[in-house]
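Structure first, then comments.
The values are calculated or read from the model by the stated rules, or taken from the named source; none is laboratory data. Computed from a prediction, not measured in an experiment: that's the story for all the values here. Cβ coordinates were reconstructed from backbone atoms using ideal geometry, including for glycine residues, and neighbour counts include every protein chain displayed. Ligands, DNA and RNA are stripped out before the accessible areas are found, and what is left, the full protein with its side chains, is counted by its heavy atoms. Shrake-Rupley method; radii C 1.70, N 1.55, O 1.52, S 1.80 Å.
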Amino acid sequence: MTKAMAYKILGITPGTDFTEIKKKYRQLMHRVHPDAEAFSTRAYDFTAQEINEAYDFLRKNRTDSFSGQVTKNTTSGRKQHGKAVYHQSYRDENTTTGSTAKQMKWNAPLNENAYTKRTVYHYAEDADGGIIGSFPAATGKYLWILEEDFPLFLKSMFECSKHLLDEVDTQIRRENVCPKRLKFQAELSYLLAQQFIDVTSTLKQLLTPEVLPDADIYSIASMLELAADAPVLCSGTTLYPSHIRNHRLFLTTKSGKNAGYVSFRDDRLYYIIIPLFEQKRAQVKIEISAAQDRKRSRPAWKYKNLDFLIKIPHNNAGTFPENINLQIEGLLAEYAKN
């Protein structure tokens with residue numbers, strides 16, 4: 001493997017920043033993953049193994065972000081571990097005048113009306129680019145941006161909800177663990193996430209919309225997880241939103257027969273698309289797709305690919321629901337009674 005070949009396999013140019021290399025690697029691996037076949041209309045010239053080998057080669061021969069030197073194994077055969085690599089979305093500020101100590105602050109928009117602050121986490125990497133853990137990078141009412149790994153964002157939401165429930169337990173002097181605590185924590189995390197995700201702005205970063213004078217239309221890669229009693233659904237069959245239960249969007253046929261619920265290819269969309277329906281901020285057109293899974297990596301009797309178009313009026317863009325804080329307060333009050 002040479003650098004030139006590695007660059008060719010990953011489809012990048014020499015000198016590309018390692019952060020961008022990592023993003024491209026993840027995009028390509030998602031593209032060539034067997035479960036993504038139904039959604040990819042273009043083949044890729046290289047296999048997953050070749051992509052892995054190219055990324056591994058560039059990772060091991062990367063230029064260190066601090067010293068400008070190529071990291072290598074030490075003569076003793078052990079890996080040489082460097083400092084954690086910070087993302088460019090950080091900015092440095094002196095903690096005290098004249099101090100050499102630095103405080104890392106996350107460069108993201110704020111939602112000043114959020115119910116509580118949260119901790120932003122970032123992965124720590126060794127000199128070879130391997131993840132060795134995560135660390136708290138900043139605290140505040142920061143919105144989620146794509147540079148923050150989504151599992152770490154969910155970790156932040158889970159910890160926020162835990163802290164709020166702990167406060168309630170302390171206030172009411174609860175002696176035993178509430179048997180429904182995990183259920184409350186999951187619901188609380190979901191509500192908190194809505195305060196830290198700018199839905200319309202994030203969608204425009206994840207997908208390219210069709211822009212109309214009064215709205216944006218997005219095509220969402222999704223599937224229908226068929227109900228046990230679902231009728232036969234042919235290509236082009238139109239489906240209609242029925243209800244939302246446990247943050248799942250259930251669909252019916254024109255005659256009102258239960259078809260199943262929507263499953264998204266990108267897990268992040270559960271926290272973006274479903275709240276739009278819960279808040280009645282979007283319209284949708286859903287049909288059974290003509291393109292189904294040719295490799296049968298999913299059982300045909302259980303899943304159907306969907307043509308899922310969502311329309312978001314411009315007057316609903318960039319707004320955070322004002323009643324989320326009230327829902328959070330109500331949930332905490334209900335938790336105190338259990």
Next item on the list: May I ask you to derive the FRET efficiency for Asp214 and Asn176 from their Cβ-Cβ distance with R0 = 51 Å, giving the value to the nearest 0.05?
Entry: 0.40
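Over all directions, what mean area does the Cα convex hull of segment 185-324 project, stated in square nanometres? Write out the running numbers ahead of the final one.
Working: hull surface 37.3 nm².
With every direction weighted equally, the projected area is 9.3 nm².
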Next item on the list: For Phe150, tell me the accessible area in Å² from a 1.4 Å probe, rounded to the nearest 10.
Entry: 20
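Greater than 25 Å separation of Cα atoms is the criterion. Which listed pairs, Lys183/Lys337; Lys180/Lys285; Lys183/Lys204; Lys204/Lys280, meet it? Could you put the intermediate results ahead of the total?
Values: Lys183/Lys337 14 Å; Lys180/Lys285 37 Å; Lys183/Lys204 32 Å; Lys204/Lys280 19 Å.
Cα-Cα > 25 Å for Lys180/Lys285; Lys183/Lys204; rest within.
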Check: How large is the Kirkwood hydrodynamic radius of segment 142-250, in angstrom, based on all distinct alpha carbon pairs?
Finding: 17.8
Check: Taking the Cβ-Cβ separation of Leu206 and Lys60 as r and a Förster radius of 22 Å, what is the calculated FRET efficiency to the nearest 0.05?
Finding: 0.10
Next item on the list: Please list, in chain and number order, the residues 5+ apart from Gly260 or on another chain whose amide H is under 5 Å from its amide H, with Hs placed from the backbone.
Entry: Ala227, Leu251
Checklist line | Under 5 Å, built H, 5+ apart or other chain: amide partners of Ser134 | finding: Ala124
Next item on the list: Could you tell me, in Å, what Rg and Dmax come out for the Cα atoms of segment 230-313?
Entry: 12.8, 37
Next item on the list: Could you pull out every one of the aspartates and glutamates with an alpha carbon less than 18 Å from that of Lys3, ignoring same-chain neighbours closer than 8 positions?
Entry: Asp17, Glu20, Asp45, Glu50, Glu53, Asp56, Asp64, Asp128
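How long are the three semi-axes of the equivalent ellipsoid for segment 117-189, computed from the Cα gyration tensor as the root of 5 times each eigenvalue, in whole Å, largest first? Intermediate results must be reported in sequence, preceding the final value.
Details: eigenvalues 170, 34, 25 Å².
With the √(5λ) rule applied to segment 117-189, the semi-axes are 29, 13, 11 Å.
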Next item on the list: Mind putting a number on the dipole of segment 238-338 about its Cα centre? Charges go on the C-beta only, +1 for Lys and Arg and -1 for Asp and Glu, and I need it in Debye to the nearest 20.
Entry: 660
